[in-house]
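Engineer: Let me begin by handing over the structure; questions about it come next.
Read-outs throughout are calculated quantities, based only on the coordinates presented, and are distinct from any laboratory measurement. Computed from a prediction, not measured in an experiment: that's the story for all the values here. Methodologically, a virtual Cβ is constructed for each residue, glycine included, from the backbone with ideal geometry; neighbour enumeration extends over all protein chains shown.
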Amino acid sequence: MQDDIVIRVVAKVMIPAVMLFALYVQFHGDYGPGGGFQAGVIFASAFVLNAVVFGLNKGRHVWPARYNLMGICGGVLLYGFTGVAGMVLGKNFLNFNVLSSDPVAGQHLGILLVEFGVGLTVAAVMVMLFFTFAGRTAHLRLLSKSDAHERKVSASKTAKKVKK
Amino acid sequence: MMQHLPVLQVLLPLLAAPFAALLRGRDLAWGVAFITTGAAFLISIALFLEQRALGTTLVYEMGNWAAPIGIVYVIDAASALVLPVISGIGFVATLAARQLVAAEIDARDHALFYAAWLLTIAGMLGQVTTGDAFNIFVFLEISSLSAYALVAMGSGRDRRALPAAFNYLILGTVGATFYVIGLGLLYMLTGTLNLVDLAERLPQVEETRAAFTAMAFIALGLFLKMALFPLHFWLVPAYAHAPSAVTALMASTATKVSVYVLIRLIFGVFGVEFPGLADAVGLLVLTLGIAGAFVGTLAAIVETDLKKLFAQSSIAQLGYMAIGIGAMSATGLAAAFLHLFNHALMKGALFLAIGMIAAQAGRATMGTIQGAGKQIPITMTAILFGGLALIGVPLTAGFISKLYLIRALLEQDFWLLAGLTFLSSALALAYVWKIIEAAWLQPRPKGAPKLHETASQYIPAWIMVIATLGFGIYATPLVQAAFAAAHVFIPSVAGAN
């Protein structure tokens with residue numbers, strides 16, 4: 001698909017906009033519709049779009065596989081330890097009142113952190129799901145003119161190396 | 001710190017899981033799992049002792065939001081009895097898992113294995129601790145989803161683990177969906193999800209068809225989850241093809257937690273007085289329980305794969321718990337709790353011992369253990385004691401629970417059922433004898449691989465055996481705790497026990 005100039009240009013414009021919108025949905029979730037789940041999916045869709053348009057390999061280059069586990073676990077830990085902070089500060093688990101001197105501000109901060117944890121985990125899970133399923137179809141090169149090209153290039157490179 | 005124990009019980013394994021997933025190298029992840037399950041076990045014992053000493057219900061409010069609006073964790077006599085079972089088995093199984101997992105699972109997957117392992121333990125502990133019906137569903141899903149992954153991890157050695165895990169996933173999800181449909185109906189009727197609040201509000205709507213439907217959905221969903229005959233078909237392949245450590249953990253805990261949730265919902269929320277409950281659920285559970293006891297035992301007699309054999313026997317043992325529930329009396333419930341506790345110990349012993357054989361020989365069948373009594377006497381003796389406890393031989397824990405079960409049936413003049421229960425227990429002798437005969441009375445075939453055992457291999461199983469014998473010989477505190485648990489749901493009548 002990367003041969004189509006329209007798709008490439010539009011994708012390049014859209015990807016940052018999608019990410020920005022995801023952050024808006026994430027951090028405006030306290031006041032309007034939105035929150036971690038929706039924001040995580042939107043954020044992940046930017047990476048999916050990137051991989052669909054520019055090929056799996058380039059997509060993987062932007063989001064290496066090791067980010068998956070870090071994102072998934074990091075989000076859960078952020079959520080959990082925001083709750084534990086309430087315990088450390090002398091109240092029960094998940095009590096956000098004590099996170100700030102003002103209880104309302106404390107609740108606000110707590111929800112913000114917790115939702116960010118949710119968003120992080122959801123985004124990482126979504127990207128991982130996409131790459132896992134897309135990576136399975138080695139014989140079904142739907143996305144893959146670019147992949148084939150890249151492989152040809154890397155193959156000729158290794159061939160040259162071997163010759164040397 | 002003490003007041004946080006109810007939440008730490010669940011939180012510790014839940015938050016240790018992502019840590020374990022991030023760790024490289026199998027021993028680190030195992031270390032995290034070992035320390036966490038050990039701490040969870042200590043917490044559950046502390047909670048049990050505290051609850052027994054105070055005699056009241058410990059309540060923990062999440063974020064200091066009081067019940068019915070907030071979610072509360074509740075430690076009463078029933079949950080205090082079940083928590084040590086889960087965390088104790090979790091701890092001993094983790095002890096054994098180091099060798100079993102090293103033998104059976106690709107080293108790259110160890111970190112993820114222990115993450116799923118801790119999550120499934122956290123999910124089960126959560127189901128028992130929480131006092132919120134929807135929270136139960138969330139924890140049910142946490143423990144089930146990680147259990148599906150754990151079963152599927154057996155595919156490195158045995159490809160049949162994949163279809164087994166898939167079947168388990170489909171049927172488990174159907175069960176969970178039924179539960180949540182029933183819950184949705186209850187929420188529509190009462191506007192609350194807190195278990196205590198639900199129980200208070202249900203009598204106002206108990207004559208409605210929706211309330212009866214809700215009960216049917218919840219009961220059916222949990223029957224599937226607890227593998228009550230004839231909804232047990234996912235269980236045998238899932239236990240047989242899962243990694244040995246997973247079989248040991250799940251056979252002792254997973255279905256038991258569903259039994260507990262069923263008791264909590266049926267007796268704690270709907271209540272014995274609920275119209276139609278005694279006829280519909282009580283009679284059904286009683287009939288299916290006794291049928292399951294026979295079907296499971298007979299299937300175990302003809303089975304040659306040891307994991308499948310004892311998985312079939314689990315169906316039978318779950319049948320006995322169902323009979324205890326179906327008796328609809330305090331003694332019956334106490335018998336169900338006793339058997340829940342004791343069966344977890346015996347199955348833990350059996351599957352840990354069998355797992356060690358399977359890890360060495362690749363499979364554990366009648367052929368594998370033929371004449372093995374001389375080569376690995378200590379492991380085989382553990383299997384022998386586990387089998388005797390399954391039959392219900394005196395001086396084992398199995399005897400105590402069968403005794404109270406038959407007593408509960410006789411209290412209500414169910415003479416036929418008591419006789420059938422006794423008969424099916426006696427039939428269990430057939431499959432235990434089959435193992436004794438193969439292991440001790442037959443010679444080791446020529447060319448059979450030599451089995452060996454070391455202390456670290458049989459100690460986990462023997463911890464369970466000693467517990468089985470200990471609770472069989474000195475059962476008084478356990479019986480008292482079980483009756484206290486039963487009286488949470490059915491208030492005591494003077495002179496009972």
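Engineer: On the first, second and third principal axes, largest extent first, how far apart are the outermost C-alpha atoms of the stretch B:282-497 in Å?
Structural biologist: 63, 31, 23
Engineer: Still on this model: Mind putting a number on the dipole of the protein assembly as shown about its Cα centre? Charges go on the C-beta only, +1 for Lys and Arg and -1 for Asp and Glu, and I need it in Debye to the nearest 20. If you can, show how the numbers build up before the last one.
Structural biologist: Working: 40 positive and 29 negative charges, 701 e Å.
That gives a dipole near 3360 debye.
Engineer: Kindly express, to the nearest 10 degrees and within the range 0 to 90, the angle between helix B:397-411's C-alpha long axis and the longest C-alpha principal axis of chain B.
Structural biologist: 40 degrees
Engineer: Tell me the net charge near B:A335. Cut-off is 13 Å between Cβ atoms, B:A335 excluded, with +1 for each Lys or Arg and -1 for each Asp or Glu. It would help to have the intermediate numbers written out before the result.
Structural biologist: On the way: positive: B:K402, B:R407; negative: B:E411.
Cβ neighbours under 13 Å give a net charge of +1.
Engineer: Among A:A51, B:A199, B:A430, which residue has its Cα furthest toward the positive end of the charge dipole of the protein assembly as shown, with +1 on Lys/Arg Cβ and -1 on Asp/Glu Cβ?
Structural biologist: A:A51
Engineer: If you don't mind, another one. Work out how much length B:E50 to B:I473 would gain on full extension: take 0.36 nm times their residue separation and subtract the Cα-Cα distance, in nm to one decimal. Don't skip to the end; give the middle numbers.
Structural biologist: Values: separation 423, 0.36 × 423 = 152.28 nm, distance 2.44 nm.
Between B:E50 and B:I473, full extension yields an extra 149.8 nm.
Engineer: Where does the longest stretch of chain B lie that holds no trypsin sites (Lys or Arg not before Pro) found in a DSSP loop with 12 or fewer other Cβ atoms within 10 Å? Working shown, then result.
Structural biologist: Details: sites that count: B:R24, B:R159, B:K374, B:K446, B:K450.
With a cap of 12 other Cβ atoms within 10 Å, the longest stretch comes to B:160-373.
Engineer: What is the Å³ per residue value for the convex hull set by the Cα atoms of the protein assembly as shown? Write down the numbers at each step before the final one.
Structural biologist: Working: hull volume 122.5 nm³, N = 661.
Here the figure is 185 Å³ per residue.
Engineer: Between the stretch B:135-163 and the stretch B:188-218, what is the separation of their alpha carbon centroids in Å?
Structural biologist: What the calculation gives is 31 Å, centre to centre.
Engineer: Fewest first, what order do B:M188, B:M124 take by the number of other Cβ atoms within 10 Å? Present the calculation step by step, with values, prior to reporting the outcome.
Structural biologist: Values: B:M188 11, B:M124 34.
Neighbour counts put them in this order, fewest first: B:M188, B:M124.
Engineer: Let me ask something else about it. If I fit a long axis through the Cα atoms of helix B:195-205 and take the longest principal axis of the Cα atoms of chain B, what angle between them do I get, 0 to 90°, rounded to 10?
Structural biologist: 50 degrees
Engineer: What longest region of chain B stays clear of GluC sites (Glu not before Pro) that DSSP places outside H, G, I, E and B and that have at most 12 other Cβ atoms within 10 Å?
Structural biologist: Details: sites that count: B:E207, B:E273.
Counting only loop sites that pass the neighbour cut-off, the longest clear stretch is B:274-497.
Engineer: Stick to the Cα atoms of chain B, pair each with every other, and give me the Kirkwood hydrodynamic radius in Å at one decimal. Could the numbers behind the result be given before it?
Structural biologist: Numbers: mean 1/r = 0.0447 Å⁻¹.
Across chain B, the inverse of the average 1/r is 22.3 Å.
Engineer: In nm, what is the difference between 0.36 nm times the number of residues separating B:W440 and B:T173 and their Cα-Cα distance?
Structural biologist: Values: separation 267, 0.36 × 267 = 96.12 nm, distance 4.29 nm.
Using 0.36 nm per residue and subtracting the Cα-Cα distance, I get 91.8 nm.
Engineer: Loop only per DSSP, at most 11 neighbouring Cβ atoms within 10 Å: give me the chymotrypsin sites (Phe, Trp or Tyr not before Pro) in the stretch A:76-132, ordered by residue number.
Structural biologist: Details: sites: A:Y79, A:F81, A:F93, A:F96, A:F116, A:F130, A:F131; in loops: A:F93, A:F96.
Nothing satisfies the criteria.
Engineer: Do any of B:K256/B:K450; B:K225/B:K308; B:K225/B:K450; B:K307/B:K402; B:K225/B:K402; B:K225/B:K374 go past 29 Å between their Cα atoms, and which?
Structural biologist: Values: B:K256/B:K450 36 Å; B:K225/B:K308 18 Å; B:K225/B:K450 39 Å; B:K307/B:K402 23 Å; B:K225/B:K402 23 Å; B:K225/B:K374 40 Å.
Correct reply: B:K256/B:K450; B:K225/B:K450; B:K225/B:K374.
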